[in-house]
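Asker: Shown below is the structure under consideration.
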Amino acid sequence: MNFIEKIEEIRKISRNAKKENLKVGFVPTMGALHDGHLSLIRKAKKISDIVIVSIFVNPKQFAAHEDLDKYPRTLDDDVKMSNESGADFIFYPNPLDIYPVGYSTSINVGGISENFEGEFRPQFFGGVATVCAKLFIIVEPDVVVFGQKDYQQCLVIKQLIKDLHLPIEFVMEATIRESDGLAKSSRNRYLTEEDRKKSSILFLAMEEARKAISKGEDKRKTINAIMHKKLREVPEIKIDYASVALAEDLSQPEIFLKGDTIVLLLAVYLNKTRLIDNSILTI
Ligand code: AMP
């Protein structure tokens, strides 16, 4: 049986593996798994000896008005797909074990978590950092695999690992997309058929910016304006941000220099569904 609900049990499994000199890989998820998650599991399998996948819809990273209650839950499929992709154990903790009554410690990663997602979802990175720190302490992985799809989250988790001296290697895997460019996401299930067709505009907006950059455009405001203009072709879109930043620390100089690695960052509502995406390139 590789479906584990108890904290002590998953910890024991990880510690026993390490006693046998096995490398423990860990992929935290909120379930509703798709090819993006599975590519992380496959990567973890390649670089470690046993792979633990957690499925936990973390209430702390949702604001009161957000979609915690209707977040898709597809546990049976998740277990099957994880196993087929190489997961050795599924950790499916009870929310009351992770956040028992009286729980009162939070982790806040400053700096990198303040802009972009941090500005529009102020509770988000605190919730993510807290649950990841807890899961890392429970699972004691040697290596964790996260998706570039949530690029700022990758930077936050890297900072968390560094600041807390956690002996964990961090690996980021590329974003898996649909054939029209839409980044795969558990939340894509919310899109109506009509909105699904329009949702490729995020990818197209980043492609426009890439094209301009490859022709020599180096001004931050102009690159941002190119993405905004493209996104506005879909009137049902409301932009939270469509911005370019330095990939290393998300700082936003007015002009980018040859050799800079930059990231295009998008977050929009398409009607009621919030979509995020990003693209990294070197000038
Ligand atoms: P989530 O279940 O949305 O919390 O995501 C769990 C992990 O899967 C995170 O590291 C995400 O960045 C990653 N992920 C989500 N979507 C994709 C995707 N389309 N491609 C690659 N990784 C992804």
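Asker: Within the stretch 20-40, take every residue that is under 26 Å from Arg187 (Cα atoms) and part of a loop (DSSP other than H, G, I, E, B) and give me the one that is nearest to the ligand (Cβ to nearest atom).
Answerer: So, considering only residues that are under 26 Å from Arg187 (Cα atoms) and part of a loop (DSSP other than H, G, I, E, B), the one nearest to the ligand (Cβ to nearest atom) is Met30.
Asker: What about Ala183, is it farther than 18 Å from Val131 by Cβ and open to solvent by less than 30 Å² (accessible area, probe 1.4 Å)? Working first, answer last.
Answerer: Working: farther than 18 Å from Val131 by Cβ: yes; open to solvent by less than 30 Å² (accessible area, probe 1.4 Å): yes.
Yes; evaluated as a whole, the condition is true for this residue.
Asker: Moving to a separate point now. Just one of the numbered conditions (1) of a type in the set (A, V, I, L, M, F, W, C); (2) surrounded by fewer than 22 Cβ atoms within 10 Å (Cβ to Cβ); (3) not in a helix (DSSP H, G or I) is not true of Met81; which one?
Answerer: Exception for Met81: condition (3).
Asker: Can you tell me which of Val156, Val171, Val139, Val145 is within 11 Å of the chain's Cα centre (by Cα), β-branched (Val, Ile, Thr) and under 21 Å from Ala17 (Cβ atoms)? Steps first, answer last, please.
Answerer: Numbers: Val156 fails: under 21 Å from Ala17 (Cβ atoms); Val171 fails: within 11 Å of the chain's Cα centre (by Cα); Val139 fails: within 11 Å of the chain's Cα centre (by Cα).
Exactly one of Val156, Val171, Val139, Val145 is within 11 Å of the chain's Cα centre (by Cα), β-branched (Val, Ile, Thr) and under 21 Å from Ala17 (Cβ atoms), namely Val145.
Asker: What are the residues in the stretch 154-171 that are touching a Cys at 6+ places or on another chain (Cβ under 8 Å) and either open to solvent by 70 Å² or more (accessible area, probe 1.4 Å) or in contact (Cβ under 8 Å) with a residue 40 or more places away in the chain (or both), if any?
Answerer: Leu160
Asker: Would you pick out the residues in the stretch 109-151 that are open to solvent by less than 10 Å² (accessible area, probe 1.4 Å) and of a type in the set (Ser, Thr, Tyr)?
Answerer: Within the stretch 109-151, just Thr130 meets the criteria.
Asker: Now for a separate question. Need at least 2 residues that are near the ligand (Cβ under 9 Å from one of its atoms) per element, so show me which helices (runs of 4 or more DSSP H) inside the stretch 139-218 make the cut, counting only ones lying wholly within it. Lay out the reasoning, then the answer.
Answerer: Details: elements: 151-163, 193-198, 201-214.
Correct list: 151-163.
The values are calculated or read from the model by the stated rules, or taken from the named source; none is laboratory data. A quick note: this is a predicted structure, and the numbers were derived from the prediction, not measured. Positions of Cβ are backbone-derived with ideal geometry, glycine not excepted, and every protein chain shown enters the neighbour counts. All accessible areas refer to the heavy atoms of the entire protein, side chains included, with ligands and DNA or RNA removed. Shrake-Rupley method; radii C 1.70, N 1.55, O 1.52, S 1.80 Å.
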